[in-house]
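Engineer: This is the structure I have questions about; it appears just below.
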Amino acid sequence: MATDQIIFRPATAADAAELLAIYAPYIRETAITFEYDVPTVAEFQARIETTLKTHPYIVAVLDGVILGYAYTSPMGSRQAYAWSVETSIYIRQDERHHGLGKRLYKIIEQISRDQNIINVNACIAVPKVDDEHLTSNSRDFHEHMGYRYVGAFDRISYKFDTWYDLVWMQKAVLDYPAEPKPVVSFADLLKDGYQISE
């Protein structure tokens, strides 16, 4: 893979089918996501559009083909959560372990800083023992990226006839000020000519 030729850009509604094709195997074959049913393209398009109103949804493209994507979403609906987000990332199955996840995460962390967001948080499914549907790779990846373990739920989800745990990991991408600056929506950043960079 010619990694130096990968382009990172905001997702669009027109990307929905291609992004869903990346996501669907995670639903059908893994416990990385707790969804059971693959959403329709229209449902997935609506998710993308909703996210982009406030938060980044970034795709990695090589020769016109999307290899993976990452986005952030609100931690909660209450206003005091504004400076914290939850991260999500999905890489095409045949493009995993090539460093693309690390590059996407660095980009969304930088965007979060530029939005004045302080905490990025990952909600990660983990098995009691690695199996064919779930391993500890995601937890290890986040630890490598500087996320720290902050909590867990025991046997919180049931998929593929197995109970799975859930861990929360957190990373501060900015210092904690006495009074944080207002959060800038991703849509407003783009209106001001924001450029995505690694």
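Engineer: Among the aliphatic types (A, V, I, L, M) and in contact with a strand residue (DSSP E or B) (Cβ under 8 Å, 6 or more places away or on another chain) - does that describe any residue in the range 133-148?
Structural biologist: In the first step, residues of the range 133-148 are kept if they are among the aliphatic types (A, V, I, L, M); the result is 134, 145.
Adding the requirement that they be in contact with a strand residue (DSSP E or B) (Cβ under 8 Å, 6 or more places away or on another chain) leaves 134, 145.
Checking the range 133-148: at least one residue is among the aliphatic types (A, V, I, L, M) and in contact with a strand residue (DSSP E or B) (Cβ under 8 Å, 6 or more places away or on another chain).
Engineer: Which one is nearest to Gly68 (Cα to Cα) among residues in the range 21-53 that are open to solvent by less than 70 Å² (accessible area, probe 1.4 Å) and within 14 Å of the chain's Cα centre (by Cα)?
Structural biologist: Selected residue: Ile22.
Engineer: Quick check on this structure: which one of Val184, Val150, Val120, Val126 is within 25 Å of Thr54 (Cα to Cα) and over 15 Å from the mean Cα position of the chain (by Cα)?
Structural biologist: Numbers: Val150 fails: within 25 Å of Thr54 (Cα to Cα); Val120 fails: over 15 Å from the mean Cα position of the chain (by Cα); Val126 fails: within 25 Å of Thr54 (Cα to Cα).
Testing whether each residue is within 25 Å of Thr54 (Cα to Cα) and over 15 Å from the mean Cα position of the chain (by Cα) leaves just Val184.
Engineer: Return yes or no: is Val173 among the β-branched types (Val, Ile, Thr), over 22 Å from Arg28 (Cβ atoms), open to solvent by 20 Å² or more (accessible area, probe 1.4 Å) and modelled with pLDDT of 95 or more?
Structural biologist: no
Engineer: Further question on the same structure: Among the residues of the range 1-20, write down those that are acidic (Asp, Glu) and either at pLDDT 95 or above or under 16 Å from the mean Cα position of the chain (by Cα) (or both). Spell out the reasoning first.
Structural biologist: Taking the range 1-20 and keeping what is acidic (Asp, Glu), we get 4, 15, 18.
Answer for the range 1-20, where residues must be acidic (Asp, Glu) and either at pLDDT 95 or above or under 16 Å from the mean Cα position of the chain (by Cα) (or both): Asp15, Glu18.
Engineer: Looking at the range 12-41, I want the residues that are over 17 Å from Cys123 (Cβ atoms) and have a partner that is open to solvent by 70 Å² or more (accessible area, probe 1.4 Å) and among the polar types (S, T, N, Q) with Cβ atoms under 7 Å, at least 6 apart or on another chain. Which pairs are those?
Structural biologist: Pairs found: Pro25/Gln93.
The values are calculated or read from the model by the stated rules, or taken from the named source; none is laboratory data. Just so we're clear, the structure is a prediction, and the values are computed from it rather than from any experiment. All Cβ positions, even for glycine, are placed from backbone atoms using ideal geometry, and neighbour counts span all protein chains on display. The accessibility values were calculated without ligands, DNA or RNA, using every heavy atom of the protein model including side chains. Shrake-Rupley method; radii C 1.70, N 1.55, O 1.52, S 1.80 Å.
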